[in-house]
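Trainee: Got a structure for you, questions after.
The values are calculated or read from the model by the stated rules, or taken from the named source; none is laboratory data. Just so it is clear, the structure is predicted and the values come from calculations on it, not from any experiment. When we count neighbours, we look across all protein chains shown, and the Cβ atoms used for this are built from the backbone with ideal geometry, even at glycine. With ligands, DNA and RNA removed, areas are computed over all heavy atoms of the protein, side chains included. Shrake-Rupley method; radii C 1.70, N 1.55, O 1.52, S 1.80 Å.
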Amino acid sequence: MPVILEFEKSLYELEDKVRQLREFSRTNNVDVNHGIQLLEERIAETRKQLFSNLTAWQRVQLARHAERPFPRDYASRLFTDFLEIHGDRRFADDHAIIGGFAKFDGEPVMFIGSQKGRNLKENVRCRFGCANPEGYRKALRLMKMADKAGVPILCFIDTPGAYPGVGGEERHVAEAIAVNLMEMFNLRVPVICVVTGEGGSGGALGIGVGNRVLIMEYSYYSVITPEGCAAILWRDPSATPQAAESLKITATDLLALNIVDDMVPEPLGGAHRDADAAAKMMGESLRKHLAELRKLSPEELRTQRYDRFRKLGRFEENLPTLPAAAKKD
Amino acid sequence: MALFKKANYTIVTPPQKKEIPIGLWIKCKGCSQVIYRTKLEENLQVCPQCGFHYPMTIDERLAQLVDKDSFQEVDADLTSIDSLNFAGTGVYPEKLAKDQKKTGLKDAIVCGAGKLDGSDLALGIMDFRFMGASMGSVVGEKVTRLTELATAKRLPLVIVTASGGARMYEGMLSLMQMAKTSGALARHHNAGLPYIVIMTHPTTAGVMASYATLGDLLLAEPGALIGFAGPRVIKQTTQSELPPGFQTAEFLVEHGLIDRIIHRAELRRELALFLGYFAGSLKAPRKAKAS
């Protein structure tokens, strides 16, 4: 059973009709090609219409789509020779963040990715992609390993946020994230971070300090979930779509704000309609940015990463002070 | 029977409230005793009976922590703007204007350089009264500039934190301040310089997951709420009871997450002592570790 979002319904209904027609023509030996052709044209038209006018909230829903490819789905399509590395050497192996050495176009990389589950059992194991402190500490351990090996780091981010639990607080999740933010500025290898689905606040940023930060077309990256924002600022869950709009969290909004450097296009209808095509588009983007970053020296990479984040923020300064009284002629 | 008939109404004379001039006396949040406000002010806003720590204004903090007339504020004119035009025009600017009026501050942090017992330091102080000391572009930029100043002039850095987290009205621009401030602190640490955090009530979320936990020393005031996720969110997500004293300074020190709780009366003395122990780091930069 495919998972169908409310706004996708009309599309799926049309596709169903095509399927029924085909079935009908097969069983009754009637030629309905013309009808099918007309319907398919309409499907293409509807899809184009639908996806060129998505609201921020619809994009959030696509980013959270149950069938959306997860970081490991991209990894398995893009990399070879993946060797997973486990644990933070202190407490546990967090299943919400996975990683290890792999090869991309035959060249070694360090892959680090959030992990969501496809079923309840998997989701219990990885807490729906919400990492504990151990996940961030494992990620940092792998990044330092990559730094030592002189291997570029690719972080694929798809998390609702860090896991809000008693254990996480007792083992200092805030410190784990903060240390990652600080230490990622010290890395002397190229770091590319891609938000592939949900970019959930500090939990996403904890593996998100890159020389390049990319976002896939139907992903979002936000300081708070639209639901959380609606609850706090509007005190009304029905304000969620409005909150999603206001927070400026879509790929195009974030490009305009320079929060992300590039948008990775997705196949029409979203990555979940064609994971192979989506992975191919992501591979092309990674290839391009990696080639640019490989030209920089280790020191240049650090400086570039610092400067990239240093200029983020908007405020006013040195406002011209108005004369006390307006001059009169 | 008439004997048991309920009266339709009773006249209750309310007890005459004693006229207390507003603001002269306050009922302590910690021990419910009535305290004379002047007593509280003289006692660094700490209840003389139970030791409950009340919030201090930035001016009061400065008076306590730096030598008289030594503090030189920097970047005082940085002002927040409604860069996202959040939820329609005027919403965020109105909140800013209201809190600017209430606190006399431009935003939630004041930064500068001063002296403590004659020794130089870079100091930032946050004020929770200004929009819950949330971190937007201005707070992030000021912390970053202060850190860069401390690195350039080889000064120890001290930040008195309080925060409800990132400022939602600035969306992702506010989240990026976590990375920006941490980047500046990486350089300060790489230069071998000391950074001390003093966590006050409450220090949470985005500030907690960036510059508030990156100090060489993490000090806290008694009873301060300190944590990453909100207790309500944790309770909802995990569907379990929270342990007693969860996310208090005492809980954190018990779990080995922060270094020391300091009563406000001792804060200046202990801060000066700590900075003294670090004095060796301020002189010539030792052979930088991979600068």
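Trainee: Can you name every residue in the stretch A:160-204 that is outside any loop (DSSP other than H, G, I, E, B) and either open to solvent by 10 Å² or more (accessible area, probe 1.4 Å) or of a type in the set (D, E, K, R) (or both)?
Mentor: Selection gives A:Val166, A:Gly167, A:Glu169, A:Glu170, A:Glu175, A:Val179, A:Met182, A:Glu183, A:Glu198, A:Ser201.
Trainee: Using the structure shown, decide if A:Thr252 is assigned to a helix (DSSP H, G or I) and surrounded by fewer than 16 Cβ atoms within 10 Å (Cβ to Cβ).
Mentor: Numbers: assigned to a helix (DSSP H, G or I): yes; surrounded by fewer than 16 Cβ atoms within 10 Å (Cβ to Cβ): yes.
So A:Thr252 passes the test.
Trainee: Next question. Hey, B:Arg61 hits all of (1) within 14 Å of another protein chain (Cβ to nearest Cβ); (2) part of a helix (DSSP H, G or I); (3) open to solvent by less than 50 Å² (accessible area, probe 1.4 Å) but one; which does it fall short on?
Mentor: (1)
Trainee: Is it the case that some residue within the stretch B:215-231 is out of contact with any helix residue (DSSP H, G or I) (no Cβ under 8 Å at 6 or more places or on another chain), open to solvent by 60 Å² or more (accessible area, probe 1.4 Å), not in a loop (DSSP other than H, G, I, E, B) and not hydroxyl-bearing (Ser, Thr, Tyr)?
Mentor: No, the stretch B:215-231 contains no residue that is out of contact with any helix residue (DSSP H, G or I) (no Cβ under 8 Å at 6 or more places or on another chain), open to solvent by 60 Å² or more (accessible area, probe 1.4 Å), not in a loop (DSSP other than H, G, I, E, B) and not hydroxyl-bearing (Ser, Thr, Tyr).
Trainee: Let me ask something else. Please go through the stretch B:183-204 and pick out each residue that is more than 16 Å from the chain's Cα centre (by Cα), open to solvent by 10 Å² or more (accessible area, probe 1.4 Å) and within 10 Å of another protein chain (Cβ to nearest Cβ).
Mentor: If the condition is that a residue be more than 16 Å from the chain's Cα centre (by Cα), open to solvent by 10 Å² or more (accessible area, probe 1.4 Å) and within 10 Å of another protein chain (Cβ to nearest Cβ), then B:Arg187, B:His189, B:Asn190 are the ones that fit.
Trainee: If I filter the stretch B:69-119 down to residues being part of a loop (DSSP other than H, G, I, E, B) and within 23 Å of B:Arg269 (Cβ to Cβ), which single residue comes out as least open to solvent (accessible area, probe 1.4 Å)?
Mentor: That would be B:Ser70.
Trainee: Could you tell me whether the stretch A:22-36 includes any residue that is surrounded by fewer than 17 Cβ atoms within 10 Å (Cβ to Cβ) and within 25 Å of A:Glu284 (Cβ to Cβ)?
Mentor: no
Trainee: Name the one entry in A:Ile207, A:Ile224, A:Ile232, A:Ile215 that is under 19 Å from A:Trp57 (Cβ atoms), among the aliphatic types (A, V, I, L, M) and part of a loop (DSSP other than H, G, I, E, B).
Mentor: Details: A:Ile207 fails: under 19 Å from A:Trp57 (Cβ atoms); A:Ile232 fails: part of a loop (DSSP other than H, G, I, E, B); A:Ile215 fails: part of a loop (DSSP other than H, G, I, E, B).
Selected residue: A:Ile224, the only one of A:Ile207, A:Ile224, A:Ile232, A:Ile215 that is under 19 Å from A:Trp57 (Cβ atoms), among the aliphatic types (A, V, I, L, M) and part of a loop (DSSP other than H, G, I, E, B).
Trainee: Which of the residues that make up the stretch A:235-248 are over 17 Å from B:Met131 (Cβ atoms) and part of a helix (DSSP H, G or I)?
Mentor: If the condition is that a residue be over 17 Å from B:Met131 (Cβ atoms) and part of a helix (DSSP H, G or I), then A:Pro237, A:Ser238, A:Ala239, A:Thr240, A:Pro241, A:Gln242, A:Ala243, A:Ala244, A:Glu245 are the ones that fit.
Trainee: To continue, here is another question. How many of the residues in the stretch A:265-279 are in a helix (DSSP H, G or I) and either touching a residue at least 12 places away in the same chain (Cβ under 8 Å) or aliphatic (A, V, I, L, M) (or both)?
Mentor: The number of residues fulfilling the criteria is 7.
Trainee: Restricting the stretch A:210-230 to residues that are within 11 Å of chain B (Cβ to nearest Cβ) and of a type in the set (A, V, I, L, M), which is nearest to B:Ser174 (Cα to Cα)?
Mentor: Checking each candidate, the answer is A:Val223.
The rows are residues; the columns are (1) within 12 Å of another protein chain (Cβ to nearest Cβ); (2) within 21 Å of B:Ala63 (Cβ to Cβ).
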| residue | (1), (2) |
| --- | --- |
| B:Leu242 | yes, no |
| B:Gln247 | yes, no |
| B:Glu250 | no, no |
| B:Ile258 | yes, no |
| B:Ile261 | no, no |
| B:Leu267 | no, yes |
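Trainee: Among the residues of the stretch B:120-137, how many are open to solvent by 10 Å² or more (accessible area, probe 1.4 Å) and touching a Leu at 6+ places or on another chain (Cβ under 7 Å)?
Mentor: Count: 1.
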